[in-house]
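Let me begin by presenting the structure, written as structure tokens, before commenting on it.
The values are calculated or read from the model by the stated rules, or taken from the named source; none is laboratory data. Please read these numbers as outputs of a predicted model, since none were measured by experiment. Don't worry about glycine lacking a Cβ; one is built from the backbone with ideal geometry, like all the others, and counts go over all protein chains shown. Keep in mind that these areas ignore ligands, DNA and RNA; they rest on the heavy atoms of the full protein, side chains included. Shrake-Rupley method; radii C 1.70, N 1.55, O 1.52, S 1.80 Å.
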Amino acid sequence: MTTIPENLETMAYGPAPESTSAARDWLAKGPFGLFIGGAFTAAGAPLETRDPARDEVLAQVTMAGEADVDAAVQAARAAQPAWEGDPQRRARVLYALARQIQKRERLFAVLEALDNGKPIRETRDIDVPLVARHFTHHAGWAALLADEFPDTRAHGVCGQIIPWNFPLLMLSWKIAPALAAGNTVVLKPAEDTPLTALLFAEICAEAGVPPGVVNIVTGDGDTGAALVAHPGIDKIAFTGSTEVGQVIRRATAGTGKALTLELGGKSPFIVMGDADLDAAVEGVVDAVWFNQGEVCCAGTRILVAESVADRFRTLLKARMASLRVGNPLDKSTDIGAIVNPRQLARIRDLVAQGVAAGAVAHEGTAPEGCFCSPILLDEVSPASPCVSEEIFGPVVTLQTFRTPPEAVDLANATRYGLAASIWSENLTVAMDLAAQVKAGVVWINATNLFDANAPFGGMRASGFGREGAREGMAAYLRKGTPVAGQTPPAIDPRPATGTPDGLDRTQKLYIGGAQKRADGGTSWSVMAGDTRLGHAPFGNRKDIRNAVEAAQKAGGWTKMSGHQRAQVLYFLAETLDHQRSALAAQVDQAEIDASIARTLYYAAWADKLSGAVHNTQSAHVTLAMREAFGVIGLVCGEEAPLLGALSLILPAIAMGNRVVVVPSQTNPLAALELGPLLGASDVPSGVVNIVSGPVVDLAQVLAAHDDVAAMAISQPAIADRVERESAGNLKPVWHAPAVDGQGRDWLEAMVQIKTIWVPYGA
Ligand code: NAI
């Protein structure tokens with residue numbers, strides 16, 4: 001026992017444990033069944049859930065099998081039409097859920113801390129309030145849907161799979177928007193942390209959620225896989241590891257199921273030379289020691305300006321020494337238990353690998369058991385696994401840089417793109433860096449801020465789709481129905497020279513602003529019935545690679561203003577009008593007219609698709625910027641060869657992307673004819689590249705290419721192959737009803753949201 005003078009000397013906190021008695025009473029209701037069709041089933045095959053801090057069993061839940069998943073999907077399907085038909089009821093129910101959560105906030109907070117090991121201070125002050133906020137916010141969307149999202153429908157039944165790091169918060173991020181949009185859901189919590197989802201199921205009945213609208217199936221990865229595979233699911237929303245995200249992308253390929261993936265990260269935490277270092281050190285605490293570092297967007301890579309690095313290290317180590325690791329139920333604990341011993345072993349292993357690769361480790365202290373002390377890995381080499389791998393523990397690396405461009409290079413030297421924190425007292429510098437980092441969320445002089453009205457989600461290996469705000473609502477709505485199509489027939493290449501009708505001109509590919517012969521030197525006859533329209537170059541893998549490289553180099557287009565891009569597109573419309581004769585051999589005048597009209601339409605939009613400023617709870621301007629993806633692969637349909645190609649090309653380039661186009665296989669000549677016309681209209685070299693050939697093969701090469709950031713295809717029959725190949729770098733694949741598809745939706749598909757939190761009014 002310390003004396004009062006001693007306490008005043010150290011200013012240390014005494015223990016302040018939260019009572020667990022209400023949670024223990026609730027746990028006594030176990031073993032728990034599944035929540036299907038508005039009621040709990042009898043408990044089935046047992047799955048143990050444990051308190052990692054005390055290493056004791058908390059409860060037995062049920063390991064759901066395929067038949068259980070099927071029952072849950074059936075219940076959701078049966079409930080869906082009535083639920084979608086009554087938006088006012090949805091709004092009331094979502095609001096009632098928020099109220100019920102608030103009434104039980106203490107029980108939720110304790111149960112979450114017990115099941116996951118995270119500190120009660122965080123579950124009480126962060127997780128649970130954000131959950132209630134999420135339901136309230138989305139109650140509003142249910143009421144506003146008809147006004148704000150006209151002509152849209154719910155997907156239907158959503159399968160939702162969530163991880164263990166924010167069990168209840170992730171549940172709310174999934175369920176609230178899905179329900180607001182009129183979907184019904186089958187949600188699978190993580191095997192380590194099913195309890196708050198079961199408590200949530202219990203309150204669904206009290207809040208008036210109709211039976212079948214929310215179904216909770218507990219289980220492991222096999223249960224998740226059964227949910228993904230179920231034919232009655234219309235959309236999958238997943239948060240978890242990048243590896244499982246890739247498995248799910250492959251499993252859903254070609255099924256027509258909509259998909260959003262929120263995956264791992266390795267986010268940079270950039271400290272500029274003029275940063276407020278004390279604030280930045282506090283920022284590290286929030287970035288990587290919040291939730292034991294088990295946070296997908298944790299700022300786990302500190303990049304600090306060399307000029308202030310020594311002072312920053314000194315301050316950081318001093319702060320580390322005062323972090324308290326231990327009992328999650330103690331209100332003065334900063335870092336609780338790691339979720340399970342496997343995760344702890346994984347953290348330890350990655351730290352050991354980092355040390356073996358030359359990192360110098362500074363560690364705080366932690367009690368025995370499933371706990372990990374805060375760890376700073378200094379002097380890490382960029383190639384070290386602790387710099388490239390998501391550790392998902394309280395471990396941060398430190399690297400230094402000399403110049404802002406070097407900071408950007410280091411920040412982007414990762415396969416991920418989830419979040420970034422930037423610390424500088426100079427807002428010009430900070431915003432300039434924000435524009436350059438590859439991340440879905442950027443916090444300026446802050447970190448790990450979340451709000452129901454701020455879009456959250458990543459790019460690259462961090463997945464695609466956004467959760468939260470208007471952008472998150474859009475992910476739970478659809479327009480129209482997917483169309484079926486036929487695979488284009490095989491075509492035979494043959495040498496371009498020595499053709500029987502040597503008078504035919506063989507068209508050329510259009511790559512990097514120049515007409516190029518196909519790498520293989522072969523071509524094929526393009527026929528309209530018995531009439532030979534001409535010869536098209538038979539492009540191959542190498543041509544696609546060259547085209548992607550040319551597109552990569554055309555980054556200047558992305559940096560141009562919308563106004564400048566609009567000028568170029570207006571010029572293109574003029575050129576098309578003047579060069580009708582060049583196109584007339586391939587397409588009729590009506591298609592040329594429609595193509596010119598479409599070009600004018602997208603020229604008009606080029607400087608108008610603005611981002612948004614969202615109202616969030618903290619003192620920030622929260623910007624939702626629309627950014628080009630970079631290089632997009634476009635696969636045209638067989639309908640209207642010129643208009644079809646332009647319908648994909650125009651919205652993509654209007655938004656600043658560069659594209660590699662695989663034109664219609666039946667008649668690629670019209671699109672190939674476009675090449676020189678683009679050049680004549682001041683479309684810079686490399687912005688549009690056109691490679692004709694066997695559509696199925698070329699589309700797959702594009703989909704597998706790591707430098708292609710997204711795909712849009714108008715060939716439904718090849719969706720399975722394209723989507724499967726796209727899993728490598730997790731690029732989104734859009735299905736474009738090209739000829740009928742003119743509209744704002746297409747422009748929105750061609751950009752990704754970057755959410756930037758800028759301090760304002762604090
Ligand atoms: P995980 O990705 O395996 O688990 C996430 C969820 O997916 C769980 O509900 C799990 O049951 C389910 N799941 C697993 N395999 C599945 C499959 N084939 N089909 C459908 N659902 C499946 O993550 P895990 O193993 O718990 O953690 C491993 C690593 O993943 C962590 O160390 C961390 O690096 C990363 N991770 C990232 C998260 C994030 O939010 N970005 C969350 C959790 C883990």
(request) Return one whole number: the accessible area per residue of segment 140-270 in Å², for a 1.4 Å probe. (result) 23
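Could you pull out the longest piece of the chain with no exposed loop trypsin sites (Lys or Arg not before Pro) in it, calling a site exposed if DSSP puts it outside H, G, I, E, B and it has at most 12 other Cβ atoms within 10 Å? The partial results should precede the final answer.
Details: sites that count: Lys29, Arg402, Arg505, Lys608.
With a cap of 12 other Cβ atoms within 10 Å, the longest stretch comes to 30-401.
Around Ala738, with a cut-off of 12 angstrom between Cβ atoms, what is the net charge of the other residues, counting Lys and Arg +1 and Asp and Glu -1?
Working: positive: Arg598; negative: Glu638, Glu639, Asp740.
Residues close to Ala738 contribute a combined charge of -2.
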(request) List the relative contact order of the chain as a percent without decimals, with contacts defined as Cα pairs under 8 Å and 6+ residues apart. (result) 12
(message) Rounded to the nearest 10 Å², what accessible area does Leu144 have for a 1.4 Å probe in the complete protein model?
(response) 80
(request) For Lys257, list the aspartates and glutamates whose Cα falls under 13 Å from its own Cα; do not include residues on the same chain fewer than 8 positions away. (result) Asp234, Asp720, Glu723
(request) May I ask for the net charge around Ala727, where only other residues with Cβ less than 10 Å from the Cβ of Ala727 are counted and Lys, Arg are +1 while Asp, Glu are -1? (result) +2
(request) Would you work out the charge dipole size for the chain about its Cα centre, treating the Cβ of every Lys and Arg as +1 and the Cβ of every Asp and Glu as -1, and quote it to the nearest 20 debye? (result) 700
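Report the rotationally averaged projected area of the chain based on its alpha-carbon convex hull, in square nanometres. Spell out each step's value before the answer.
Numbers: hull surface 135.3 nm².
Mean orientational projected area (the chain, Cα hull): 33.8 nm².
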(request) Among the lysines, select those whose C-alpha is under 28 Å from the C-alpha of Lys508, and discard any that sit fewer than 8 residues away in the same chain. (result) Lys516, Lys542, Lys553
(request) May I ask you to evaluate 6.51 cos²θ - 1.76 cosθ + 1.60, the Karplus curve with θ = phi - 60°, for each residue of segment 174-183 and list the ³J(HN,Hα) values in order in whole Hz, giving x for glycine and proline? (result) 7, 6, 4, x, 4, 5, 4, 7, x, 7
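If you take the square roots of the eigenvalues of the alpha-carbon gyration tensor of segment 287-370 and sort them as a ≥ b ≥ c, do you get rounded (a/c under 1.5), prolate (a/b over b/c) or oblate?
Details: a/c = 1.86, a/b = 1.32, b/c = 1.41.
Note, shape of segment 287-370 comes out oblate.
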(message) Need the C-alpha centroid separation for segment 61-83 versus segment 744-762, integer Å.
(response) 35
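Please report the antiparallel percentage of DSSP beta bridges with both residues in the chain, rounded to the nearest 5. List each step's numbers first, then the result.
On the way: 43 of 99 bridges.
Within the chain, antiparallel bridges account for around 45 percent of the total.
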(request) Return the sequence-ordered ³J(HN,Hα) values of segment 338-344 in whole Hz as given by the Karplus equation 6.51 cos²θ - 1.76 cosθ + 1.60 applied to θ = phi - 60°, using x for Gly and Pro. (result) 6, 4, 7, x, 4, 5, 4
(request) Could you list which residues have their amide H under 5 Å from that of Gly219, counting only those 5 or more apart in sequence or on another chain, with H placed in the peptide plane? (result) Ala64
(request) Quick one: which residues, 5+ away or cross-chain, put their amide H under 5 Å from the amide H of Cys372? H built at 1.01 Å from N. (result) Ile338
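Roughly how many debye, to the nearest 20, is the charge dipole of segment 311-467 about its Cα centre, given +1 on each Lys and Arg Cβ, -1 on each Asp and Glu Cβ, and no other charges? Numbers along the way, then the final one.
Details: 14 positive and 15 negative charges, 15 e Å.
The calculation lands at about 80 debye.
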(message) At 222 nm, what value in deg cm²/dmol follows for the chain if DSSP H runs of at least 4 each add -39500 (n - 2.57) and the sum is divided by all its residues, to the nearest 500?
(response) -12500 deg cm²/dmol
(request) Have a look at segment 556-598 and give its Rg and Dmax from the Cα atoms, expressed in angstrom. (result) 12.6, 36
(message) Tell me the Rg and the Dmax, in Å, that the Cα atoms of segment 662-762 produce.
(response) 16.7, 60
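Under the definition of Cα pairs under 8 Å and six or more residues apart, what whole-number percent is the relative contact order of segment 320-449? Spell out each step's value before the answer.
Details: 190 pairs, mean separation 22.3, N = 130.
In percent, rounded to a whole number, it is 17.
Could you give the accessible area per residue of segment 549-646, probe 1.4 Å, as a whole number in Å²? Intermediate results must be reported in sequence, preceding the final value.
Values: 4260 Å² over 98 residues.
I get 43 Å² per residue for this part.
Which of rounded, prolate or oblate describes segment 285-430 when judged by the alpha-carbon gyration tensor and an a/c cut-off of 1.5?
Numbers: a/c = 1.76, a/b = 1.48, b/c = 1.19.
Prolate is the answer for segment 285-430, as a/c is 1.5 or above and a/b outweighs b/c.
What pairs from Lys438/Lys559; Lys317/Lys438; Lys174/Lys438; Lys479/Lys559 go past 20 Å between their alpha carbons? Show your work: numbers first, answer last.
Numbers: Lys438/Lys559 15 Å; Lys317/Lys438 29 Å; Lys174/Lys438 25 Å; Lys479/Lys559 31 Å.
Cα-Cα > 20 Å for Lys317/Lys438; Lys174/Lys438; Lys479/Lys559; rest within.
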(message) Not counting ligands, DNA or RNA, and with a 1.4 Å probe, what is Asp220's accessible surface area in Å² rounded to the nearest 10?
(response) 40
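Counting only other residues whose beta carbon sits under 10 Å from that of Trp83, what net charge do I get with K and R as +1, D and E as -1? Kindly include the intermediate steps, with their values, before the conclusion.
On the way: positive: Arg89, Arg90; negative: Glu84, Asp86.
Result for the local shell: 0.
Given axes a ≥ b ≥ c from the Cα gyration tensor, I'd like to know whether segment 140-220 is rounded (a/c under 1.5), prolate (a/b larger than b/c) or oblate.
Numbers: a/c = 2.16, a/b = 1.81, b/c = 1.20.
The shape class here is prolate.
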